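First comes the structure, then the notes that go with it.
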Amino acid sequence: MHFISTVCLLSVAVIAAFAQTQSSTCHMCELIVNDVLALHPNGLNGVSDTVLMADLNNECEKYWSQQAAEDKGCHDWLAQNGASFIAAMRVNSNAYAACHAAPASVC
């Protein structure tokens, strides 16, 4: 019985840690999108994908320049998902919606 209780407690701890990590990732995504949107107060129409990708990469540097693994992860994620994420940013009216939009959903 003790073994089962330990396994259950461990499972709850892992789920809680995952939920916290996902929550912080969602929050960071929203900060980044809001920062990029603030760079373009007239909206994203007329802003090229190249400029938006550069803006997003600069945000990786801004938030993770002192944390090499996270910085690399941010850049790697953008290299793989940047085009679909930029499309989500263009379609969705706010950071929350963009970060939750498929197919490149961060949250």
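The values are calculated or read from the model by the stated rules, or taken from the named source; none is laboratory data. Values in this document were obtained by computation on a predicted structure and should not be read as measured data. Neighbour counts are summed over all protein chains in view; Cβ atoms, including those assigned to glycine, are modelled from backbone coordinates with ideal geometry.
Tabulated values for the structure
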{"quantity": "Qualifying residue in the stretch 64-75 (condition: charged (D, E, K, R), in a helix (DSSP H, G or I) and at pLDDT 90 or above)", "calculated": "no"}
{"quantity": "Odd one out for Pro103, checked against (1) surrounded by 12 or more Cβ atoms within 10 Å (Cβ to Cβ); (2) of a type outside the set (Val, Ile, Thr); (3) under 19 Å from Thr25 (Cα atoms)", "calculated": "(1)"}
{"quantity": "Which numbered condition Cys26 misses (of (1) assigned to a helix (DSSP H, G or I); (2) surrounded by 15 or more Cβ atoms within 10 Å (Cβ to Cβ); (3) without any contact (Cβ under 8 Å) to a residue 60 or more places away in the chain)", "calculated": "(3)"}
{"quantity": "Every pair of residues 6+ apart whose Cβ atoms lie under 8 Å, when the first sits in the stretch 34-61 and is in contact (Cβ under 8 Å) with a residue 24 or more places away in the chain while the second is assigned to a loop (DSSP other than H, G, I, E, B)", "calculated": "Leu37/Leu44; Leu52/Leu44"}
{"quantity": "Test: residue in the stretch 34-47 that is in a helix (DSSP H, G or I), modelled with pLDDT under 75 and either loosely packed, with under 10 Cβ neighbours inside 10 Å or not small (Gly, Ala, Ser) (or both)", "calculated": "no"}
{"quantity": "Within the stretch 51-86, tally of residues that are buried (at least 16 other Cβ atoms within 10 Å of the Cβ) and more than 13 Å from the chain's Cα centre (by Cα)", "calculated": "3"}
{"quantity": "Number of positions in the stretch 87-100 that are surrounded by 14 or more Cβ atoms within 10 Å (Cβ to Cβ), aliphatic (A, V, I, L, M) and farther than 14 Å from Met28 by Cα", "calculated": "3"}
